[in-house]
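Notes to accompany the following structure.
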Amino acid sequence: MNSMRHLMSPMDFTVQELEDLFDVANDIEHNMDKYSHACDGKILATCFYEPSTRTRLSFETAMLRLGGKTLGFADASNSSAAKGESVADTIRVISCFADICAMRHPKEGAPMVAASKSLIPVINAGDGGHQHPTQTLTDLLTIRSLHGSLGNFTIGLCGDLKFGRTVHSLINALTRYEGINFIFISPKELRVPDYITEMLDAKGISYREVIKLEDVISDLDFLYMTRVQKERFFNEEDYIRLKDFYILDKKKLDMAKETMQVLHPLPRVNEISVEVDDDPRAAYFKQVQYGLYVRMALILTLLDMTDAHINEGLLR
Ligand code: CP
């Protein structure tokens, strides 16, 4: 029996553990029915103090597809947080009701505080502008599935690289793989934070920073578009000035390789024109599907059920 594990950052798992997780996710992709009773009797709590569509619903779908049940709140104003209850107390209470909890919170580190007081595994489902580890697991699984491995490609990350937590988590996670060329594409006001570039410098990993997407799009194997994070701006004027800085349309996509894949954590606002959705290189809705598989695999892993349930025949 393993000791209880949480997921606060993608770096909480070794590269080998991530490979094992992605193998389970790919098995789920092809053999979903095999897992349909894996979590019979288990309960997932989703505690979302910030809005979400994909992350909350894919966690809930993941548990339902595994045969378990879900409870939780999608709006903290309807929970006792509105009366001043701390995250630490809330998780002690949730620990009495559920077997595992996914938590999103606007404050950096709040899921970590919850994990330190929790009697059940806690998954960081996004904490402020800090990390979004299950989006990173989704992104890594998508890249691995489309590219065949997690190495030897050029990725352009484009848009709000300052506030976009998915970008911070993904860059961090990709530094563990070989042969990745990073190109950061942003207006100067939304540059990737210094602590990320300092981390890359310290590891001897090279990167380029550019402003114009057109200057580099033909070099890319993956283009990771991001939304300008309105909710993290201090002033509306700056948001309005920057929100449409990048719009990926057919004309720009014509400059890219035929094999380039366009990723986006979603939700999108204007940064990818809907005309791009029908292009075979648009992979962002596939990415959502991979998010379900990887969250199913993660729930099994944190509940320490993987070995038993990928054991051929046990669930048939
Ligand atoms: N990608 C993502 O985190 O989407 P939601 O905010 O809808 O969960």
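Would you mind calculating the gained length between Thr61 and Glu189 on full extension (0.36 nm times residue separation, minus the Cα-Cα distance), in nm to one decimal? Intermediate results must be reported in sequence, preceding the final value.
Details: separation 128, 0.36 × 128 = 46.08 nm, distance 3.75 nm.
Here the segment from Thr61 to Glu189 would lengthen by 42.3 nm.
Distance from the alpha carbon centroid of region 113-139 to that of region 201-253 works out to 25 angstrom.
Hey, any idea what % of the chain's accessible area is carbon plus sulfur with a 1.4 Å probe? Before the final figure, lay out the partial values.
Numbers: 6970 of 13990 Å².
On the chain, the fraction of accessible area on carbon and sulfur atoms equals 50 percent.
Largest first, the residues His105, His37 sort by 1.4 Å accessible area into His37, His105.
Between Glu17 and Ala82, the simple label model (points 7 Å from Cα in the Cβ direction) yields a spacing of 3.8 nm.
Between the C-alpha center of region 1-48 and that of region 162-188 there is a gap of 24 Å. Between Ile123 and Leu7, Cys101, Ala102, Met103, the built amide H atoms are under 5 Å apart, and every one of these is 5 or more places off in sequence or on another chain. The 1.4 Å probe gives accessible areas that order Phe184, Phe234, largest first, as Phe234, Phe184. Rolling a 1.4 Å probe across all protein chains gives Lys117 an accessible area of roughly 100 Å².
In square nanometres, what is the average projected area of the Cα convex hull of the chain? Kindly include the intermediate steps, with their values, before the conclusion.
Details: hull surface 65.5 nm².
Taking a quarter of the hull surface, the average projection is 16.4 nm².
For the set Ile240, Ile180, solvent exposure ranked by accessible area (probe 1.4 Å, protein chains only) runs largest to smallest as Ile240, Ile180. Rolling a 1.4 Å probe over the heavy atoms of the protein chains gives the chain an accessible area of 44 Å² per residue. Each Lys and Arg contributes +1 and each Asp and Glu -1, all at the Cβ; summed about the Cα centre of region 173-261, the dipole is approximately 140 debye. Placing +1 on the Cβ of every Lys and Arg and -1 on the Cβ of every Asp and Glu, with nothing else charged, gives region 58-171 a dipole about its Cα centre of roughly 100 debye.
Hey, quick one: spin label on Asp238, modelled 7 Å out along Cα-Cβ, who in region 147-175 has an amide N within reach, i.e. under 12 Å? In region 147-175, the label zone of Asp238 (backbone N under 12 Å from the point 7 Å along Cα→Cβ) covers 162-163. If you take the charge dipole of the chain about its Cα centre, with +1 on Lys and Arg Cβ and -1 on Asp and Glu Cβ, which of Leu302, Gln135, Gly109 is farthest toward its positive end? Going by the Cα projections, it comes out as Gly109.
Entry note, the chain: the mean residue ellipticity at 222 nm calculated from DSSP H runs of n ≥ 4, each adding -39500 (n - 2.57), is -10500 deg cm²/dmol after division by the residues and rounding to the nearest 500.
The values are calculated or read from the model by the stated rules, or taken from the named source; none is laboratory data. These numbers were taken from a predicted model, which means no experiment stands behind them. Please note: Cβ atoms are built from the backbone with ideal geometry, for glycine as well, and neighbour counts cover all protein chains shown. Just so you know, the surface numbers come from the protein's heavy atoms only, side chains and all, with ligands and any DNA or RNA stripped out. Shrake-Rupley method; radii C 1.70, N 1.55, O 1.52, S 1.80 Å.
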